[in-house]
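As structure tokens, the structure follows; a few thoughts come after it.
The values are calculated or read from the model by the stated rules, or taken from the named source; none is laboratory data. It should be emphasised that the depicted structure is a prediction, and the values quoted were computed from it without experimental measurement. We place every Cβ from the backbone using ideal geometry, glycine too, and count neighbours over all the protein chains shown.
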Amino acid sequence: MRGPMGSLLQDVIRQNISRLRVGLGLTQQELAKRAGVSTSYIGSLERGLKVPSLKTIEKLADAMSVSPATLLLRHTQQSRAREELDILITQFDQNEVEYLYSVAQAYNTHIRHHRS
């Protein structure tokens, strides 16, 4: 029998796996292949039917290029936005990352100038 904390943690893991997978544009099958688990297992995790071992959490995190803590922690709206931005950036090549960085710098300068 699970207590309320076990259920909460299972929900957090389930939501994080699904959100990150979709954010990366991966199917359950693609994530399963990257993590070395079955597609049906990914489906069971996302539906909250199974709880992954720590080793599996490490495999899933590695497959999605995030830290294992990312799968275990409940995320606020702000941290979720930062995390999704990180996920997007991993899909860019170096020139795109540098361009995005210059845009962010220009935006920051503009905002700070108008706040003064």
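If you scan the stretch 1-18, which residues turn out to be among the basic types (Lys, Arg) and at pLDDT 90 or above?
Step one: filter the stretch 1-18 for residues among the basic types (Lys, Arg), giving 2, 14.
If the condition is that a residue be among the basic types (Lys, Arg) and at pLDDT 90 or above, then Arg14 is the only one that fits.
Filtering Val103, Val97, Val51 for residues that are part of a loop (DSSP other than H, G, I, E, B) and of a type in the set (A, V, I, L, M) leaves a single hit, Val51.
In the stretch 3-12 there is no residue that is of a type in the set (S, T, N, Q), in a helix (DSSP H, G or I) and under 19 Å from Glu84 (Cβ atoms). Pairs are defined by a Cβ separation below 7 Å, a sequence spacing of at least 6 or placement on different chains, a first member in the stretch 87-116 that is within 30 Å of Asp62 (Cβ to Cβ) and not assigned by TED's automatic domain parsing to the domain that holds Leu20, and a second member that is outside any helix (DSSP H, G or I) and small (Gly, Ala, Ser); the pairs so defined are Thr90/Ser65.
Say whether the condition of being assigned to a helix (DSSP H, G or I), crowded, with 16+ Cβ neighbours inside 10 Å and at pLDDT 95 or above is met by at least one residue in the stretch 62-77. Yes, the stretch 62-77 has at least one match.
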